[in-house]
Amino acid sequence: MASLVNATAALQDEGPASNTIRATLTIALVAAVIAWWAIAKSRYGLKNLPPGPRGLPIIGHFHLIGRLPHVSLQQLSANFGPLMSLRFGFVPVVVVSSPAMAREFLKTHDTAFADRPYKIAANFIFYGQRSISWSSYGDHFKKARKLCATELFTARRVTSFTHIIRDELWKLSGELRAASASGEVVKLRRCLRGLSFNLMTRILMKKVYFGPGASTDESALQEAKEFVNIIDSVLTVGGAFAITDFFPGTKWLDWTVPAAKAASDKLDSFLTKVLDEQRPGEVPDFVALTKSYFDGPDQMKYTKALLVDMFLGGSETSSTVVEWAMAELLHYPKVIAKAQEELERVVGRERMIEESDLPKLEYFNAVTKEVFRLHPPLTMMVPHTTAQNQKVAGYDIAKNSMIFVNVFAIGRDPSVWSNPLEFNPDRFMGTSFNVHGHDFELLPFGSGKRGCPGLPLGLRNVQLVLSNLLHGFDWSYAGDIEKHQMTEAMAVVNFMEHPINVRVSARLEDATYKTLSINT
């Protein structure tokens, strides 16, 4: 605030040319004072806030947050406890970092904290926050949630998608077998991302953009490239710090505002083109069902918002988890050997892994749980909020607080997990832990009313892709695995900062891989 006062004073002796600047600074100063007063008023009478560090005027605790917010918050929570109070600019923040506290917010007081805060990027990208992930807790959210539970992600419908996953695995196995024969280094992220993109575009749009089956004419190649660029820009702006989310009246200072608008405009044009091209009788079930649930002038906004939600949730997260899994396994070759031994014992060498095999693969399922524990798709859940002052675990929670559940910290809590940084699937052997949101020690898909509705498809995707990659191929790191840094990137999805390049060797006969193909 002092800097604003000094800047205003420095303009006192300047001529008329400074009027606009002076007025802008004055408005910013007044807005800061009003926002400061609003925060103080919202906390008036709340005498027992969760513990937290001392903040600074105006900025609050932003100076304590480093390049990876989930790590900074984990470290702060180690000092101030599993329920911690902060302030980001003028927004009160509560950080949840233990299974017990997660249960309080996601089960005991689930409805009270089921709302979402306003976020400028989400407002642009999700058509006024009309998606399931970002919409307010109200009639629209409940209707969309019902659509997912009763139509889009039923057990029967998810099973109907399995042939698409297997077909994309068949295509990928061809690329990997070619690399095995030639000794070529494989860029694993490119392969996994292409598979996940195709899976979701086939389900949501009936389109194939990459690899065999994709159109090779110039316009189709350009469309595929455009789509990837749009998704990358959406992920970039979605994970960026937006000043206006925490400092009211600062849109004019915030570079993310024009960036978010530009990304959303391109995304909307792309989706409009794709949807307009669909002929009667060729409309994907997802689009037809969504349109049938929502009517009125905003029908297409709801449809597009859900398309974006499902695509981002079903493609980027799944491919990222499998990449983390392979990176961990390359550091622990004995775990790979143990998983492959189980796969051969249960399935044999004459066919690839099928959906019906998954419940029988106890050790492999322990591997996937351990990956989800250490590397959840999102390091922190999409933030929750509440419209009223609340009482949780004896603490006062101010209305309009932004609630962050640090899934990353919960999965590495030394009071819950022995040797939490060690990749050790054996910790799950003989236990009943699952990732469905009932065990608050393990929350990769969230929990409660705001739990991920696409969990059945996302989990099936990860399980089938990872199990078939391990069953079909031997893997080695292209370089010195000990020098590979297992660190997260600063992004909305839990990307690995340093993608891995690998060498593969086919383990099975050619005829075995063909059992993946939907044409056999």
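Results for (1) more than 30 Å from Leu46 (Cβ to Cβ); (2) assigned to a loop (DSSP other than H, G, I, E, B); (3) under 26 Å from the mean Cα position of the chain (by Cα), shown as yes or no for each residue.
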| site | (1), (2), (3) |
| --- | --- |
| Asn400 | no, yes, yes |
| Val405 | no, no, yes |
| Ile410 | no, no, yes |
| Pro414 | yes, yes, yes |
| Trp417 | yes, yes, yes |
| Pro420 | yes, yes, yes |
| Phe423 | yes, yes, yes |
| Arg427 | yes, no, yes |
| Thr431 | yes, yes, no |
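Taking residues in segment 499-520 that are farther than 16 Å from Glu354 by Cα and buried (at least 18 other Cβ atoms within 10 Å of the Cβ), and partners anywhere that are at pLDDT below 90 and of a type in the set (A, V, I, L, M, F, W, C), the pairs with Cβ atoms closer than 9 Å and at least 6 places apart or on different chains are Ile500/Ile481. Of the residues contained in segment 447-463, one or more are found to be at pLDDT 95 or above, over 15 Å from the mean Cα position of the chain (by Cα) and farther than 24 Å from Leu306 by Cβ.
Going by what's in this entry, would Ile231 be described as closer than 19 Å to Ser315 by Cβ and out of contact with any helix residue (DSSP H, G or I) (no Cβ under 7 Å at 6 or more places or on another chain)? Spelling it out, Ile231 is indeed closer than 19 Å to Ser315 by Cβ and out of contact with any helix residue (DSSP H, G or I) (no Cβ under 7 Å at 6 or more places or on another chain). Applying a threshold of 9 Å to beta carbon distances and a minimum spacing of six or more residues, or different chains, the list of pairs starting in segment 475-494 at a residue that is within 18 Å of Ile336 (Cα to Cα) and ending at one that is modelled with pLDDT under 85 reads Tyr477/His484.
Of all residues in segment 125-141, those being surrounded by fewer than 20 Cβ atoms within 10 Å (Cβ to Cβ), in a helix (DSSP H, G or I) and touching a residue at least 40 places away in the same chain (Cβ under 8 Å) number 1. Out of curiosity, is Ala122 hydrophobic (A, V, I, L, M, F, W, C), more than 30 Å from Ser356 (Cα to Cα) and buried (at least 17 other Cβ atoms within 10 Å of the Cβ)? Spelling it out, Ala122 is indeed hydrophobic (A, V, I, L, M, F, W, C), more than 30 Å from Ser356 (Cα to Cα) and buried (at least 17 other Cβ atoms within 10 Å of the Cβ). From the list Thr320, Thr379, the lone residue that is under 24 Å from Ala478 (Cβ atoms) and of a type in the set (Ser, Thr, Tyr) is Thr320.
When we screen Glu341, Glu323, Glu328 for residues that are under 27 Å from Asp480 (Cα atoms), in a helix (DSSP H, G or I), at pLDDT 95 or above and in contact with a Lys or Arg (Cβ under 6 Å, 6 or more places away or on another chain), the only hit is Glu323. Across segment 486-498, the qualifying residues are those that are closer than 18 Å to Tyr332 by Cα and in contact with an Asp or Glu (Cβ under 7 Å, 6 or more places away or on another chain), and the one among them that is surrounded by the fewest Cβ atoms within 10 Å (Cβ to Cβ) is Thr487. Mind checking which pairs have a first residue in segment 335-350 that is on the phi > 0 side of the Ramachandran plot and a second that is not in a helix (DSSP H, G or I), Cβ under 8 Å, 6 or more apart or different chains? Final answer for the pair search is none. Note on segment 273-302: residues that are surrounded by fewer than 22 Cβ atoms within 10 Å (Cβ to Cβ) and either polar (S, T, N, Q) or assigned to a loop (DSSP other than H, G, I, E, B) (or both) total 14.
Please verify whether segment 482-501 includes one or more residues that are more than 29 Å from the chain's Cα centre (by Cα) and assigned to a loop (DSSP other than H, G, I, E, B). No: segment 482-501 contains no residue that is more than 29 Å from the chain's Cα centre (by Cα) and assigned to a loop (DSSP other than H, G, I, E, B). For segment 338-359, taking the residues that are closer than 20 Å to Asp167 by Cβ and of a type outside the set (D, E, K, R), the one that is surrounded by the most Cβ atoms within 10 Å (Cβ to Cβ) is identified as Ile353. When you look at Glu184, is it charged (D, E, K, R) and within 19 Å of Leu289 (Cβ to Cβ), yes or no? No, not satisfied. With respect to the conditions (1) surrounded by fewer than 16 Cβ atoms within 10 Å (Cβ to Cβ); (2) in contact with a Leu (Cβ under 6 Å, 6 or more places away or on another chain), Ser85 lacks only one, and its number is (1). When residues in segment 303-337 are screened for being of a type in the set (D, E, K, R) and either in contact with a helix residue (DSSP H, G or I) (Cβ under 6 Å, 6 or more places away or on another chain) or crowded, with 22+ Cβ neighbours inside 10 Å (or both), 4 of them pass. Residues that are under 29 Å from Thr159 (Cα atoms), exposed (fewer than 15 other Cβ atoms within 10 Å of the Cβ) and of a type outside the set (Lys, Arg) do occur in segment 438-458, at least one of them. Could you go through segment 91-98 and let me know if any residue there is over 23 Å from Cys452 (Cβ atoms), of a type outside the set (Val, Ile, Thr) and not in a loop (DSSP other than H, G, I, E, B). Among the residues of segment 91-98, at least one is over 23 Å from Cys452 (Cβ atoms), of a type outside the set (Val, Ile, Thr) and not in a loop (DSSP other than H, G, I, E, B), which makes the answer yes. Between Leu221, Leu176, Leu172, Leu204, the distinction of being in a helix (DSSP H, G or I), farther than 27 Å from Thr290 by Cβ and at pLDDT below 90 belongs to Leu221 only.
The residues of segment 105-117 that are surrounded by fewer than 20 Cβ atoms within 10 Å (Cβ to Cβ) and either assigned to a helix (DSSP H, G or I) or at pLDDT below 95 (or both), listed by number, are Lys107, Thr108, Thr111, Ala112. For segment 195-214, the criterion of being charged (D, E, K, R), without any contact (Cβ under 8 Å) to a residue 24 or more places away in the chain, under 29 Å from Lys273 (Cα atoms) and surrounded by fewer than 20 Cβ atoms within 10 Å (Cβ to Cβ) is met by none of the residues.
The values are calculated or read from the model by the stated rules, or taken from the named source; none is laboratory data. This one's a predicted model, so the numbers in the text were calculated from it and none came from an experiment. As a convention, Cβ positions derive from the backbone with ideal geometry for all residues, glycine included, and neighbour counts pool all protein chains shown.
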